[in-house]
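The structure appears right after this line, and notes come after that.
We did not get these values from a lab; they are worked out from the coordinates using the rules stated. Everything quoted here is computed from the prediction, not taken from an experiment. Methodologically, a virtual Cβ is constructed for each residue, glycine included, from the backbone with ideal geometry; neighbour enumeration extends over all protein chains shown.
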Amino acid sequence: MMTYRELFKGKKMTDEVSDRISEIMEAHAGGNEDMKHEIAMALHDGHMCEFSAMHKIRKMVPVAYIGTDGQRMHGVSSMHEYLSALGITPESAHRHVMLAHEKAASKAREKGFSAPPIDANAWDAYWCMAMMLADYWYTICGNLEDAAMMAYEYLSDPDR
């Protein structure tokens with residue numbers, strides 16, 4: 001019997017493949033969102049997809065919503081709404097994280113070593129930036145560049 005990984009190994013994430021993964025998740029997990037998340041992570045080789053990223057982001061409970069001006073934001077009631085208010089999308093998060101990698105790689109070269117490589121897709125970056133913004137409000141204080149650097153460091157951690 002073929003495993004899920006064997007079934008999808010090397011396949012581009014087309015709508016057809018994505019639909020097939022959704023069918024598998026529904027068949028094996030039914031309404032259990034946590035089980036669907038685990039299946040999605042396994043099928044995507046440990047990377048996030050829209051379902052898994054949004055599943056984890058929906059569960060985040062930030063200490064406070066801090067805007068890019070460093071002030072507490074009012075009227076925001078979910079992480080998704082917060083990310084949207086900050087202008088963070090999966091694509092922009094990915095750009096931020098890749099720019100952080102370039103900055104880190106430059107700094108590492110100056111110091112005589114290589115920065116760890118990063119293997120992250122847009123949904124990985126989106127989820128990770130959300131996590132940093134939710135958990136490290138004091139350190140980041142609304143600075144998206146700092147959030148992106150911390151996300152890069154987390155996503156490129158060799159022993160993660």
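Observations
- Relative contact order (%) - segment 63-160, alpha-carbon pairs under 8 angstrom, separation at least six: 37 percent
- P(r) tail for segment 107-160: Cα pairs beyond 16 Å make up 44% of the total.
- Stokes-Einstein D in µm²/s, Kirkwood radius over Cα pairs - segment 63-160 at 25 °C with 0.890 mPa s viscosity: 180 µm²/s
- Sorted fewest first by neighbouring Cβ atoms within 10 angstrom, 36, 111 come out as 111, 36.
- Inter-part distance where segment 107-121 and segment 55-72 are each reduced to a Cα centre, Å: 28 Å
- Placing pseudo-labels 7 Å out from each Cα toward the beta carbon at residue 16 and residue 64 gives an inter-label distance of 5.2 nm.
- Placed amide H near residue 66: partners under 5 Å, 5+ positions off or other chain: 73
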